[in-house]
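Each reported figure results from applying straightforward, stated rules to the coordinates on display, with no laboratory input. In this text, all values refer to a predicted model and were calculated from it rather than measured experimentally. FYI the Cβ positions are ideal-geometry reconstructions off the backbone, even for glycines, and counts take in every protein chain you see.
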Amino acid sequence: MKVETRKEAIVKFRRGARSTNGWTAWKKGMVLGIFSLGFLGLSQTAQTQEYPRQPITMLISNAPGAGTDVCSRVLAQGAKKILGQEIIAMNKPGAGGSLAAGILASSKPDGYTILALTGSALTIVPQLESVSYNALKDVVPFLHFGTFHCTISVRADSPLKSFKDLIEFARNNPGKANFGIVGVGNPPHLDFELVKMQEKVDIAAIPFGGAAPAVTALLGGHVTAIGVGASAWMPNYKAGKIKLLATTTEKRIIPDVPCLHEFGYPFYGISTEYYLMAIPKGVPEPVAKKLEGAFRKAMETPEFRKTTESFFVYDPNTLSNQAFMGLQEKSYQKNGEIIKKAKLGKQG
């Protein structure tokens, strides 16, 4: 039997000590790691339960005075009473709403930055130009709070008495008819392109910097017809200066004004606009639910209903989040088809 020397015994002891200490250190590390993860989870849960603990920033994709701006501000006033925190509105207009959507998409997903926008920033603009976000993933709507409809209008003294008259005039007078729109690549513009393609008529699109200049041009006789929202034409309509030929809806919203659906236009191709509240991807579900609950409750206030009705965007049949997500994907696809056929933007 071999007798261990003193030197060999010392080496063996040191090896065992290192092995034991390493194992002990590893176990301590695991325990501390598990404890830390548990503490972090508890901390995040507590933060979610306490949400909101500070004011919320609400970005608005449109300029002050626009329907999205006015309606979302009234909605936020109701929601802040429920959430118990201020909601600070910040207008970030530009690039068809993609500027604000890009800011939201890059913000921290903690529920303290939300966005009021129109659906075209998610279903139209990204197909016309390059944007900094994935339209179907990075910006997540949590509330549909209104539906915007465009109307096709002419001057009250125009010889065109109906939508069919407008089409026949364009067909019989190539190059003489024109149509005023607000900017390029928005729902009224796609409505216009759809009409041109389906009717095979030559009508020039005249883009304006806003709805008010478009109405002024119509009243001045500089354009044949325009496609704008109710807030722009309503005062002149009530004054008897403007005549409505059609609305871009599936059903009539004004009893004596037909909708494009009645003329055989497939509704999926008519770019009805939706007013939305959105959060960035990754916001904890309990926080998203709390936001949705507060804002849905705020939609029930008389102040909100009165405001949305004045802008013709009141919609008692607002969609659930799941239903809207399905509609968003469908709209993205159908709008893309119109954009491609019309050779607009990136497709041009």
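Things worth noting here:
- Which of Tyr314, Tyr275 has the fewest Cβ neighbours within 10 Å, and the rest in rising order: Tyr314, Tyr275
- Cβ-to-Cβ counts within 10 Å put Ser132, Ser231, Ser153 in ascending order as Ser132, Ser231, Ser153, the fewest first.
- Applying 1/(1 + (r/R0)^6) with r as the Cβ-Cβ distance of Ala239 and Ile88 and R0 = 56 angstrom yields a FRET efficiency of 0.90.
- Each residue, Ile206 and Asp256, gets one label point 7 Å from its Cα in the Cβ direction; the gap between the two is 2.7 nm.
- Extension gain (nm, one decimal) between Asn172 and Gln198, 0.36 nm per residue minus Cα-Cα: 7.8 nm
- Residue order, fewest to most beta carbons within 10 Å, for Cys259, Cys150: Cys259, Cys150
- Checking the cross-link pairs Lys176/Lys238; Lys196/Lys334; Lys108/Lys290; Lys137/Lys334; Lys137/Lys306; Lys241/Lys343 against a 24 Å limit on the alpha carbon distance flags Lys176/Lys238; Lys137/Lys306; Lys241/Lys343 as lying beyond it.
- Residue-span extension gain [Asp157 to Ser310] - 0.36 nm each, minus C-alpha spacing: 52.5 nm
- Amide H within-cut-off set for Ile60, under 5 Å, with H built and near neighbours excluded: Met90, Asn91, Lys92, Ala116
- For Lys297, the aspartates and glutamates whose Cα comes closer than 17 Å to its Cα, not counting residues fewer than 8 places off in the same chain, are Glu86, Asp315.
- Compared with the alpha-carbon gap, the fully stretched path from Glu50 to Lys343 is longer by 100.5 nm at 0.36 nm per residue.
- For Phe295, neighbours were defined as the other residues whose beta-carbon sits under 12 Å from its Cβ, and their charges (Lys and Arg +1, Asp and Glu -1) total +4.
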